[in-house]
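The values are calculated or read from the model by the stated rules, or taken from the named source; none is laboratory data. In this text the structure is predicted, and so the values were computed from the model without any measurement. Positions of Cβ are generated from backbone atoms using ideal geometry, with glycine treated the same way; all protein chains shown enter the neighbour counts. What goes into the accessible areas is simple: the full protein's heavy atoms, side chains included, and nothing from ligands, DNA or RNA. Shrake-Rupley method; radii C 1.70, N 1.55, O 1.52, S 1.80 Å.
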Amino acid sequence: MGMLGVAAVFLVPLLSGLANASPDLGLDIAIDYVSQNNPNVLSSANMVGSATSDLQGVIGGYQISKLNGSTALVTSGEALVSLVGNITVNVNEVLRNISVVASQRQTAPSCMFASMNSTIDRAFVALDQAGGLITLIQTSTSTLNGGALTSWLAMIQTAMQDVTTYLDMLYKEVNAVLAAGPLSANTVNANIRPATLFNLAGSISVVTTAEKGLVTTVRSIRSAFEQASNVLQSYSNDMTNALNSVNNTQRDYYNQVVGRISSYQGKVTWEAGFSISDIVNTLPRLNPFIQDQVTRTTAQSLNTSISTTTADIQTAANVFTRNLQSQMTLMFTGAEAFVQFTVKALVPVFDSSIFKLAATMSNGGVYSTSCKDRYGGAIMNLENNMRDQLQRCFNDYANTGYTDSFISEYNQVIREQTRSIANRINWCLGLGSTTSSTIIKAGIAKCLSETVALSQAMMTDVSFQTKVVVAMINLESLATVQTVESCVNIMSKGLVAKATALDSLLAACQSSNQ
C-alpha cells in the first residue's frame, strides 16, 4: 500500500475535523490552492482525458475467439484488456478527481479531498494486479513487448506514489494554513509551497506520458494477437470444411455401396426368377405324363425334382444376396472406421502446427510476418491436403465396380444351368406323347429320369459356385478395405512428416528469417 497508508494518516483526521466547516472555511475565495497558484496542475490533470481515450481506443471491442487449443492466447488477450481497463477506470480516476477540483476552483479542503482517499485505494489495488496481468500477457507476446509493459507500468506506479506523496504534502500545508491564525494571502503563500504544486503537476504528467507510451505497446500487442486469432479462425473454418468434405466423401461412398448392393441383388433376383419360371413353365406339358401308366413314376419324380430345384435356385439366390449385403456393408464400415481413426489422429498434429504458427504471430517478433508468409500457407493447408488425399483414396481404391463381373458371370451360370434343365425337360417331352407307343414312352420315362439326376447334379454345382463367388466377394471386399487403409496410412505418415518439417522450418525462421 506504500504511500496510500501515509495518505490515510493525513487525510482522514483532516477530513473529519473539517466535516462541519463552511464550504470555504472562511478563506478568501480568490485564494485557489490548485488552479490559480499553479495552472500546471490543471493542464496536467486534464491530459488524463486524452490518455484514457487513447488507451480505451486501442483495446475497445477487442476479444480473442475461444478456439480449441488457444487457451494461452485467450488468457493473454483477456489480461491485456483487464490491464488497460484497470488503468483507465481506477488509476485515471485519481487524476480525473484532481482535474475536477482544479477546474471548479474549489478552495475548501473538504471539497478538494473528500473522495480522494478511496479513489487512491482502488488505484493502488489495480496497480498491484498489474504484475500478474503482465505475466499472463507475456505468455503470448515477445520479451520486448513484455519488458515495455513492465517499464511503463513501473513508471505509472512510481508516478502514482509521487502523486499521493504530494497530495499528502498539500494536506499538511492546507492544515498549516488553517492553524496559522487569520487567513490571508500571506498565510497561504507562507504555508503552501509552489514546489508542492509543481511536483504534483509533474507527477501527473509522468502518469499520462507513460500511458501514452503504453498505447503504442498495447496497440502492437493487440495487432499481433489479432493476427494470431485470425490465423486460428481461418484454420478452424478450413478444418471444419475439410472434415465435412471427408464425411461427405464417405457418405457418397456409402451411397455408392448401397446403390450397388441394391443393383446386384436386383440382378440376382431377376435372373433367379426367370430361371424358376423357365422350369415351372414345363409343368403343363409334364402333367399328362404323370397320368400315364408308363411314364407316371418318372414324371412324378421329375415333378418333385422341379419343386426341389426351384427351391434350391431361390435358396442360392437368397444366400448370394444376403452375403452381398453383409460383405459390402462391412467393406464400407471397415474403410470408414479406419479413415475416421486416422482423421482423429491427424487433427491434433495439425492443431499443434497451427498453434505454433499462431504463437509466432502473437509474439510479434521481428520475422513473424515474414515467417507466416513463407510457411503459413503450407501449415494452414495441411487439413486441405488431408481432405484431398482421403478423397483420392476413396475414389481410386474403394470403387465397388470390380464386383460387376462376378455378379454377371454368376448370374449367367445360374441362367444357363437352369435353362438347360428346362430345355432338357422340354426335349424329353418332345420325344412323343401319352398316345405314343410303349417303347417311345419308355424312352421318355428314361429321359425324364436322367433329367432328375441332371437337375440334382446341376444344383449341387450351382450351390458350390455360389459359395465360390461369395468367397471371392468376401476376399475382394477385404482387399478393398486393406487397399484403402494402405493408401490412408501412407497419406497420414506423409502429412505427419510434412507437419514436423514445417514446425522445424517455422522455428528456425523466427531466429534467422530463413
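Condition check: open to solvent by less than 30 Å² (accessible area, probe 1.4 Å), within 30 Å of LEU73 (Cα to Cα) and outside any helix (DSSP H, G or I). Does THR141 satisfy that? Judged against the criteria, THR141 is a match.
Take the residues in region 25-76 that are open to solvent by 50 Å² or more (accessible area, probe 1.4 Å), among the charged types (D, E, K, R) and not in a helix (DSSP H, G or I), then tell me which one is modelled with the lowest pLDDT. If we take residues in region 25-76 being open to solvent by 50 Å² or more (accessible area, probe 1.4 Å), among the charged types (D, E, K, R) and not in a helix (DSSP H, G or I), then ASP28 is modelled with the lowest pLDDT. When we screen GLN256, GLN250, GLN233 for residues that are assigned to a helix (DSSP H, G or I) and buried (at least 19 other Cβ atoms within 10 Å of the Cβ), the only hit is GLN250. If you go through region 413-449 and pick out every residue that is aliphatic (A, V, I, L, M), buried (at least 19 other Cβ atoms within 10 Å of the Cβ) and over 19 Å from ASP292 (Cβ atoms), you end up with 3. Looking across region 351-383, the residues that are of a type in the set (Gly, Ala, Ser) and within 16 Å of GLU226 (Cβ to Cβ) come down to ALA358, ALA359, SER362, GLY364, GLY365, SER368, GLY376. Would region 78-95 turn up any residue that is in a loop (DSSP other than H, G, I, E, B), hydroxyl-bearing (Ser, Thr, Tyr) and modelled with pLDDT of 55 or more? The answer is no, given that none of the residues of region 78-95 is in a loop (DSSP other than H, G, I, E, B), hydroxyl-bearing (Ser, Thr, Tyr) and modelled with pLDDT of 55 or more.
Pairs meeting the criteria (first residue in region 280-295 and free of Cβ contacts under 8 Å to residues at least 60 places away in the same chain, second residue open to solvent by 60 Å² or more (accessible area, probe 1.4 Å), beta carbons under 8 Å, at least 6 apart or on different chains) are ILE290/ARG296; ILE290/GLN300. Against the test of being of a type in the set (D, E, K, R), open to solvent by 10 Å² or more (accessible area, probe 1.4 Å) and part of a helix (DSSP H, G or I), the options GLU226, GLU211 yield a single qualifying residue, GLU226.
Taking THR216 as the residue in question, decide whether it is hydroxyl-bearing (Ser, Thr, Tyr), out of contact with any Ser or Thr (no Cβ under 6 Å at 6 or more places or on another chain), farther than 17 Å from ASN46 by Cβ and open to solvent by 30 Å² or more (accessible area, probe 1.4 Å). So THR216 fits the description; yes.
Here's the yes/no breakdown for (1) under 23 Å from VAL268 (Cβ atoms); (2) touching a helix residue (DSSP H, G or I) at 6+ places or on another chain (Cβ under 7 Å):
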| position | (1), (2) |
| --- | --- |
| ILE421 | yes, yes |
| GLY432 | no, yes |
| THR438 | no, no |
| GLY443 | no, no |
| LYS467 | yes, no |
| ALA479 | yes, no |
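Annotation note: Cβ proximity below 9 Å between a residue of region 74-89 that is outside the structural domain of ALA148 (by the TED database) and within 10 Å of LEU133 (Cα to Cα) and a residue that is open to solvent by 20 Å² or more (accessible area, probe 1.4 Å) and at pLDDT 95 or above (sequence gap 6+ or interchain) occurs for no pair. The single condition from (1) open to solvent by 50 Å² or more (accessible area, probe 1.4 Å); (2) more than 54 Å from the chain's Cα centre (by Cα) that ASP404 fails is (2). Residues that are open to solvent by 40 Å² or more (accessible area, probe 1.4 Å) and among the β-branched types (Val, Ile, Thr) were ranked within region 450-476; the one that is farthest from THR321 (Cα to Cα) is THR460. A count restricted to region 170-194 and to residues that are of a type outside the set (Asp, Glu), open to solvent by less than 70 Å² (accessible area, probe 1.4 Å) and in contact with a Phe, Trp or Tyr (Cβ under 9 Å, 6 or more places away or on another chain) stands at 6. Being modelled with pLDDT of 90 or more and surrounded by fewer than 16 Cβ atoms within 10 Å (Cβ to Cβ) is the requirement here; does THR158 meet it? So THR158 fits the description; yes. Report whether or not LYS493 is assigned to a helix (DSSP H, G or I), open to solvent by 70 Å² or more (accessible area, probe 1.4 Å), touching a residue at least 60 places away in the same chain (Cβ under 8 Å) and assigned by the TED database to the domain that holds THR321. No: the conditions fail for LYS493. What about VAL174, is it over 30 Å from ALA79 (Cβ atoms), in a helix (DSSP H, G or I) and not charged (D, E, K, R)? Judged against the criteria, VAL174 is a match.
With the condition kept exactly as written, say whether any residue in region 97-116 is of a type in the set (Lys, Arg), modelled with pLDDT under 90 and assigned to a helix (DSSP H, G or I). No, region 97-116 has no match at all.
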